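I have placed the structure first, in the form of structure tokens, so that the comments after it can refer back to it.
Laboratory data are not the source of any read-out in this text; all were calculated from the coordinates shown. Everything quoted here is computed from the prediction, not taken from an experiment. With ideal geometry, Cβ positions are generated from the backbone for all residues, glycine too; neighbour counts draw on all protein chains shown.
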Amino acid sequence: MMRRLLTNNWFIVSASAGCLVAGAVVSILAENFQWLSRFGALVICAGVIALARPGIAGSSLLPEIILSEGGRSNNPDSYIAAGKPVPPVVLEDRKSQITVSIIGPWLCLVGTATNGFADLINKLVGW
């Protein structure tokens, strides 16, 4: 159950967005944006979990092999164009590729920026 949650891209992104919203709400209620900074640290944790997706899922990223038919071995479009069913391992690899190359780095970037600079908002609003 936990593995399914930690490898679900939508869950990780939604949890991260929820952390940022919760951090903003708590910060406004407490009149201290250090809370948003703390919640930014949780977003960094989510980014690290996203980057570790292949290991958590128990798989590794597939190497890209160019097939003799002109397609690529880890591209679902190659199978669809050939009229073949897409193997589940290829679909899982595609999810891991997206997570490791896009979602994880962006979560780490947003979390680090929030963690590093959110407390400066206190000076802007005069708290």
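Observations on the model:
- Scanning segment 1-54 for residues that are over 21 Å from Val100 (Cα atoms) and among the polar types (S, T, N, Q) yields Ser27, Asn32, Gln34, Ser37.
- Helices (runs of 4 or more DSSP H) enclosed by segment 1-103 - at least 2 residues per element that are farther than 30 Å from Trp127 by Cα and in contact (Cβ under 8 Å) with a residue 12 or more places away in the chain: 2-6, 9-30, 34-51, 53-57, 88-98
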